[in-house]
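Below is one structure; the comments refer to it alone.
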Amino acid sequence: MDEQRRREQEQTTRSASAAAVPRMNTSREGEMSYANNSRFQGVIASATRKARREMAAALYRARGRPAAMAIADLGCATGPNALLNVSDAVEAVRAECARLNGGGGGGGTTEAPSPELHVFLNDLPGNDFNAVFRLLPSSPLAGGGCFVSAWPGSFYGRLFPEASLDYVVSSSSLHFLSKAPKMVKGINGRASGEEDHLNKGRLYISERSPAAVLEAYRRQFQSDLSAFLACRAAETKPGGLLLLTFVARRTPLPTAHDCYLWDLLADALMDMAAADLVDEEQVHGFNAPYYAPCPGDLAQVIGEDGSFAVKAMQLFETSRRQLLSRPATKDAADDDDEEELPRKLAVETARTIRAVVEPMLRAHFGWAAMDGLFCRYRFLLEEYYRSKSTRNKDDITNVFLALEKKHH
């Protein structure tokens, strides 16, 4: 494995101008794989499950109980959540069909056969779709009437035939950009075309970032979301749904807590640079292809695109605290657990973040830096969770965005 990693590292460019394509740790990474560290993404998906299922059932009714429906998951990844969103949709449609046929008290309605459900799973070509398919026999997608296929490619481009989709879902994916924003020098906002490290010592926007950094990230996100919506507008039937969940923020200007996961990762890298373990210029030159938008960012792009009506735009918080076991009774164990909670949160958070961002970081900083980086990161996270002002504060803001394709 070590020799293979060295060969991969030699083939990987460390140029700061090369955009890292976001992908997760594969099964080769064992305990650090995304499949083994994606419980938090499952928590996020579960927060929208009721709404997604209700909308799938309503769409089936609105379509007049069609003989077939096409369901797509964009960014399905691997692991226990890979079939979660499409399974919810399939179960909801089948349950609604049974209800309307009289199985749930809807007597008097002409019976209709259960629809054929065409399920399309999308992610980048490097995704382990074979591992996903191995989950099918034990999923609600098993059995007759459900046809599952993989559609590799970037969802910032066209993936499906025109007007072929009824119900499109994407969870914990759209905060990743197609590429890192380009930072350029300029006078009065006019770019000179010369690259500059405007975001020195940071990996992402922070509370104290120059306005030009925030604007560069906003422009890249809006460009990507515009491309995403244009492609989905072509692929989705009129009246079809896009149900999108991803990391967001509540305010136009980011708060310190909005950025703390990236800020602490940057602090860990700068500590390593001070110890000559990584090149400081590489830290200055890395900008994560990631953006958590505010509602205004979303409304602007959706309005300019004009192909979709907003059925829902809801912000909600999720926490890793609910993943950690707690004592069942009130006794001394509660105090011990409360004291241990910051450490447990730090371990859980560091593992989740590593599984998601390590591939793009090691492409830039190299394999050798990764263990030391995430060890430092875990300690900084624990300090954050023990601090009086941010005690056990690990809440992440997400947006649930439900869009309906307009009838033109």
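Is the C-alpha gyration tensor of segment 261-408 telling us rounded, prolate or oblate? Criteria: a/c under 1.5 is rounded; beyond that, a/b larger than b/c is prolate, otherwise oblate. Oblate. Taking the square roots of 5 times each eigenvalue of the Cα gyration tensor of segment 191-290, largest first, gives ellipsoid semi-axes of 32, 16, 13 Å.
Here, segment 218-259 is characterised by an Rg to Rh ratio of 1.10, where Rg is the alpha-carbon radius of gyration and Rh the Kirkwood radius. For the pair segment 272-293 / segment 202-230, the C-alpha centres are spaced 17 Å from each other. Shown are GLU111, GLU96, whose ranking by accessible area with a 1.4 Å probe and every protein chain present, most to least, is GLU111, GLU96. Counting only protein heavy atoms and using a 1.4 Å probe, the accessible area of SER154 comes to about 50 Å².
Accessible area per residue for the chain, computed on protein heavy atoms with a 1.4 Å probe, is 44 Å².
With a/c under 1.5 counting as rounded, go ahead and sort segment 339-408 into rounded, prolate or oblate using the C-alpha gyration tensor (a ≥ b ≥ c being the square roots of the eigenvalues; past the cut-off, prolate if a/b is larger than b/c, else oblate). Here segment 339-408 falls in the oblate category. In this calculation the C-beta distance from ALA142 to GLN314 is compared with R0 = 22 Å, giving a FRET efficiency of 0.10. For the residues ARG134, ARG320, a 1.4 Å probe over the protein chains yields an accessible-area ranking, largest first, of ARG134, ARG320. DSSP finds beta bridges in the chain, and of those with both partners inside it, around 50 percent are antiparallel. Computed over the Cα atoms of segment 258-321, the ratio of the radius of gyration to the Kirkwood radius (Rg/Rh) comes to 1.18. For the cross-link pairs LYS50/LYS405; LYS50/LYS237; LYS200/LYS393; LYS182/LYS344, the ones whose C-alpha atoms lie over 28 Å apart are LYS182/LYS344. Under the membrane-span-like helix rule (DSSP H runs whose alpha carbons stretch at least 20 Å along the helix axis, mean Kyte-Doolittle hydropathy -1.0 or higher), the chain yields 84-98, 211-235, 256-274, 332-365, 370-386. Under the criterion of Cα pairs below 8 Å and six or more residues apart, the relative contact order for the chain equals 21 percent. Can you list which of the GluC sites (Glu not before Pro) found in segment 230-307 are DSSP loop residues with at most 13 other C-beta atoms within 10 Å? Sites meeting the loop and neighbour criteria: none at all. Measuring with a 1.4 angstrom probe and ignoring ligands and nucleic acids, MET24 comes out at about 50 Å² accessible.
A DSSP coil position with no more than 16 other Cβ atoms inside 10 Å describes the following trypsin sites (Lys or Arg not before Pro) in segment 189-282: LYS200, ARG208, ARG250.
The values are calculated or read from the model by the stated rules, or taken from the named source; none is laboratory data. All values derive from a computational prediction rather than experimental measurement. Virtual Cβ from ideal backbone geometry, glycine too; neighbours counted across all protein chains shown. Ligands, DNA and RNA are stripped out before the accessible areas are found, and what is left, the full protein with its side chains, is counted by its heavy atoms. Shrake-Rupley method; radii C 1.70, N 1.55, O 1.52, S 1.80 Å.
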